[in-house]
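The values are calculated or read from the model by the stated rules, or taken from the named source; none is laboratory data. All values reported here derive from a predicted model rather than from experimental measurement. Note that we place each Cβ from the backbone using ideal geometry, even for glycine, and neighbour counts take in every protein chain shown. Areas reflect the complete protein model, heavy atoms only, side chains present, ligands, DNA and RNA absent. Shrake-Rupley method; radii C 1.70, N 1.55, O 1.52, S 1.80 Å.
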Amino acid sequence: RLQSEVEIVYKAIRQHTHADGDEHDRNDDGDFERLLTAVSYQVVQESARLPAVRLRAGVLIPKRAETEGIGQELGFDFLVASSKQAGVATFTVSAGFAMTFDNHDHPADPIFNETPISKGHDLRTLTYGIGVAHPLGERWQANLEVSGRAFDAIELNTRVHESELTLTPGVLYTNRSGRWEYWIGIGMPIGLTDDADHLGVIVRTGASF
């Protein structure tokens, strides 16, 4: 079955550790992390022997600072996800790849740098994760996910490679109205590696039809 999807992800960081070990509270770091429109296809239906397999391809919508030409630009996103029910719980695994084009950021403090905005960089992100979901009722479920990212970032006008591993407990609400299915979830990402944000709140909402 072919489905259209939209997804919005908002993330706020409560605590962050810099590479030099200096820890800071960053309560004002809330931002839209992901704006996606996509189509997905159920390649394999779950059976007694086989897990369900779903493919998704989509477009990442640009998100920039309001008054500056910096931020994430247009890109694409691919995902493959598999799930299998075991008793009342559902186990999932997923892997994805995304790329955005001609992204810009501040290379350094403009006071000490004549170029206030970096040159354009194409940025890649590889994601992977495993998780388990347990129903809490007809429309609610509890989730626990371990997810990782290997990604590009811009530092001092240079593309650098970073990685992080995160544990996220959360809850998800889903509902259906005709052909529409929509969901909203909230989680608390906990960084498991030195470069990951220590604690945050993430809100994910979307719909398929």
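Contact map, region 71-92: first residue within 21 Å of D152 (Cβ to Cβ) and open to solvent by less than 30 Å² (accessible area, probe 1.4 Å), second residue small (G, A, S) and outside any strand (DSSP E or B), Cβ cut-off under 6 Å, separation 6 or more or different chains; pairs are G71/A65.
For region 1-102, please list each of the strands (runs of 3 or more DSSP E) lying entirely inside it that holds at least 1 residues being at pLDDT below 85, more than 20 Å from I202 (Cβ to Cβ) and of a type in the set (A, V, I, L, M, F, W, C). It would help to see each step written out before you state the result.
Values: elements: 2-17, 23-25, 31-44, 52-60, 75-86.
The strands (runs of 3 or more DSSP E) meeting that bar are 2-17.
Once region 160-209 is narrowed to residues that are under 30 Å from R1 (Cα atoms) and of a type in the set (A, V, I, L, M), the residue that is surrounded by the most Cβ atoms within 10 Å (Cβ to Cβ) is I202.
When you look at E114, is it at pLDDT below 95 and open to solvent by 80 Å² or more (accessible area, probe 1.4 Å), yes or no?
Judged against the criteria, E114 is a match.
Scanning region 127-149 for residues that are open to solvent by 30 Å² or more (accessible area, probe 1.4 Å), under 14 Å from S94 (Cα atoms) and of a type outside the set (K, R) yields a count of 8. Is it true that some residue in region 117-126 is modelled with pLDDT of 95 or more and open to solvent by 50 Å² or more (accessible area, probe 1.4 Å)? Looking through region 117-126, at least one residue is modelled with pLDDT of 95 or more and open to solvent by 50 Å² or more (accessible area, probe 1.4 Å).
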